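Just so you know, all these numbers are worked out from the coordinates, no wet-lab data involved. Remember, predicted model here, so these are calculated numbers, not experimental data. Heads up, the Cβs are rebuilt from the backbone with ideal geometry, glycines too, and the neighbour counts pull from every protein chain shown.
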Amino acid sequence: MIGEEVRAAHEQLVRRGTGVGASSAAASDATSRQRVGSDAHAALDTWESRSCSLFPYLEVVAHFQAVGRSQADPALVRRLSSVPADRQDAFLAAWLPMTCDQETGGYVTYAGLHPHLLAAGADQGEDADTTAHGSGRDRLRSRLDELTVAVLGDLLRTEAATAGLDSPAPAVRTRLRATARLLVLSGDLAPRHRLDPSVTTDVAAALTRTQDPLDSLAEASERAAKTVLELVSPSVAQTVFRSLLPVTRLHDEIMFIRSIQVFEALYEQIGLAVAESRDALLEEHLDKAVDVLAAVTDRMTVLPALFRLLGTMPVKAFAVIRGYTSGRSAVQSRSYRRIEAACAPLPPSGVVDAPWTGPTLQEAWSDVRTRPGADLLTEQLRRLDTLWRGMKRSHWGITLRIIGEVPGTGGTAGASYLKTTSETPLFPALTGKGER
């Protein structure tokens, strides 16, 4: 149940204008028909009469972005929850739960993860070590990278469009620079969908001119974002558009959801790398295991830039978002937990719903660690461990700054829980702590 204090704080922020710490442009610019759901209902009428074969995503998404899931038209939500199974294709079946989850939904439906994984060719319900092999893993990696770049492009488009409107200039500048920087770094984060350098040249140049008016960076960012969204496949662009159904009308929630989507794609990449390196070690291919781990840890060097973006979240805005999303937490991320389950045996008190079959990566390493060349493998395991724990420390620091020492979502103890987990190694055998 959302308290009146949270509702009042939400309305106060929305009335501030558009942009960082205020309303989203989709909510501010929505027509009355979009707000009440008239366009969505009319489009559904046409689809249900079979006059149109394509489900009306555009109109339905416009309604949800105009008012937020928490205030979506109840009649529309009921219609969406009753769409017959024989009218649902695979994507629609993955997407519809997002529209009806305000009371019962969790982290996955909140962040639109099922549509993304479906578009990438992954299945969140499968074990990381059986999801794909060989060329299948390569296709999955490429598709995940394309989704990541599309998400970053769409987020940059959103931030550039609202730059200089009603939010305080320092907050807007900081957010836009953090978002633009991520697109410039996208070749490191998503190397299998590396952009031509010409796409981000103007953005990179604008980032170096710190004293220029914000308009310069905003214009370069808009051009780059437009190009990115034209370069990705139509199906990926559509998936990214449809996967944004915020619970509130706040601009900052868009950044929050898009950041989750980027993190989750990275977790999938790490999970694939852990599985492939484990398999390579079982087949006694040490060099391959080293190369796979080196490639994924190179991706993880962009994590500080991701956290700088998250750090632009205003405290008051996150308090509202948190109030509207109680019970949904990154602790519910299966891909995140699966990585830790795959790296080393879990302790008796460990999470049991993080599927993994066969030996862990640590166990496979233990069998080969005395062989020639194993020192390079050990070095990569240490690097992965260091970057993973550094990521958790960054999460702890941001949480401490934004919400303080209060209970966390998803049944955790908040910042203190994150501090504790950040001290837990991925590979206890490397640190002399034995089995965790």
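Based only on Cα atoms, what Rg/Rh ratio does region 246-328 have, Rh being taken as Kirkwood's radius?
Details: Rg = 17.6 Å, Rh = 14.9 Å.
That ratio equals 1.18.
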Worksheet, complete the sentence: To the nearest 10 degrees, the tilt of helix 334-343 (Cα long axis) against the first principal axis of the alpha carbons of the chain is 10
Worksheet item: Angle, helix 251-282 long axis vs. longest principal axis of the chain, Cα atoms, 0 to 90°, nearest 10?
Response: 20
Practice prompt. Could you please rank ARG69, ARG35, ARG338, ARG194, placing first whichever residue has the fewest other Cβ atoms within 10 Å of its Cβ?
Written response: ARG194, ARG35, ARG69, ARG338
Practice prompt. With a ≥ b ≥ c taken as the square roots of the eigenvalues of the C-alpha gyration tensor of region 1-142, please select rounded if a/c is under 1.5 and otherwise prolate if a/b is larger than b/c or oblate if it is not?
Written response: oblate
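To make sure I understand, if each residue's beta carbon is the centre and we count other beta carbons within 10 Å, what order do SER23, SER259, SER82, SER366 fall in, fewest to most?
On the way: SER23 26, SER259 21, SER82 9, SER366 15.
With the fewest neighbours first, SER23, SER259, SER82, SER366 line up as SER82, SER366, SER259, SER23.
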Fill in: Number of Lys pairs (Cα under 29 Å; 8 or more positions apart or on different chains) in the chain
7
Worksheet item: Say each of ALA93 and GLU363 gets a label point 7 Å from the Cα, pointing the same way as Cα to Cβ; how far apart are those two points in nm?
Response: 3.3
Worksheet, complete the sentence: Amide H neighbours of LEU250 at under 5 Å, excluding residues fewer than 5 places away on the same chain, with H built from the backbone geometry, are SER24
Worksheet item: Most mobile of ALA225, ALA190, ALA319 per a Gaussian network model of the chain (Cα springs, under 10 Å)?
Response: ALA319
Discussion item. Give me, ordered by chain and number, the residues 5 or more places off THR18 or on other chains with an amide H under 5 Å from its own placed amide H.
Written reply: SER23, ASP166, SER167
Item to complete: Kindly write out, for region 358-371 in residue order, the coupling ³J(HN,Hα) from the Karplus curve 6.51 cos²θ - 1.76 cosθ + 1.60 (θ = phi - 60°), rounded to whole Hz, with x marking Gly and Pro.
Response: x, x, 7, 5, 4, 5, 5, 5, 4, 6, 10, 5, 9, 7
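Once fully extended, how much extra length lies between ASP212 and THR227, figured as 0.36 nm per residue of separation less the alpha-carbon to alpha-carbon distance?
Numbers: separation 15, 0.36 × 15 = 5.40 nm, distance 2.31 nm.
In short, 3.1 nm is gained.
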Worksheet item: Counting every Cα pair in region 222-262, what percent are over 11 Å apart?
Response: 70
Worksheet entry | In Å, descending, principal axis extents of the Cα set of region 138-288 | 58, 35, 27
Discussion item. Angle check, please: helix 286-300 long axis (alpha carbons) against the longest principal axis of the chain (alpha carbons), in degrees 0 to 90, nearest 10.
Written reply: 30
Worksheet, complete the sentence: Scattering profile of region 79-125 from the Debye formula, Cα beads only, expressed as log10 I(q)/I(0) at q = 0.15, 0.20 Å⁻¹, is -0.38, -0.66
Worksheet entry | Cα gyration tensor, region 1-45 - rounded (a/c under 1.5), prolate or oblate | oblate
Fill in: Taking N as its residue count, the alpha carbon Rg of the chain over 2.2 N^0.38 Å
0.99
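Given the -39500 (n - 2.57) contribution per DSSP H run of 4+ residues, what per-residue ellipticity at 222 nm results for the chain, rounded to the nearest 500 deg cm²/dmol?
Values: 24 runs with 279 residues, N = 436.
After summing the helix terms and dividing by the residues of the chain, the value is -19500 deg cm²/dmol.
If you average over every viewing direction, what projected area does the convex hull of the Cα atoms of region 240-382 give, in nm²?
Working: hull surface 41.5 nm².
Averaged projected area of region 240-382's Cα convex hull equals 10.4 nm².
By how many nm would the segment from ALA8 to HIS285 lengthen if fully extended, with 0.36 nm per residue of separation less the alpha-carbon distance? Intermediate values should be presented prior to the final figure.
Working: separation 277, 0.36 × 277 = 99.72 nm, distance 5.95 nm.
Fully extending the segment from ALA8 to HIS285 adds 93.8 nm.
What's the FRET efficiency of ARG401 with ALA85 using the Cβ-Cβ distance as r and R₀ = 51 Å, to the nearest 0.05? Kindly include the intermediate steps, with their values, before the conclusion.
Values: r = 46 Å, r/R0 = 0.89.
For ARG401 and ALA85, the calculated efficiency is 0.65.
Calculate, in nm to one decimal, what ASP45 and ALA75 gain on full extension: separation in residues at 0.36 nm each, minus their alpha carbon distance. Could you put the intermediate results ahead of the total?
On the way: separation 30, 0.36 × 30 = 10.80 nm, distance 1.29 nm.
So the extension gain works out to 9.5 nm.
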Response to the item:
Distance in nm between ASP375 and SER326 label points, each 7 Å along Cα→Cβ, equals 5.6
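Efficiency by 1/(1 + (r/R0)^6): what FRET value for SER235 and ARG35, r their Cβ-Cβ distance, R0 = 41 Å, to the nearest 0.05? All intermediate terms of the calculation are to be shown ahead of the outcome.
Working: r = 29 Å, r/R0 = 0.71.
That pair, SER235 with ARG35, gives E of 0.90.
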Worksheet, complete the sentence: Per-residue Cβ contact counts at 10 Å, fewest first, order HIS63, HIS285, HIS41, HIS251 as HIS285, HIS41, HIS63, HIS251
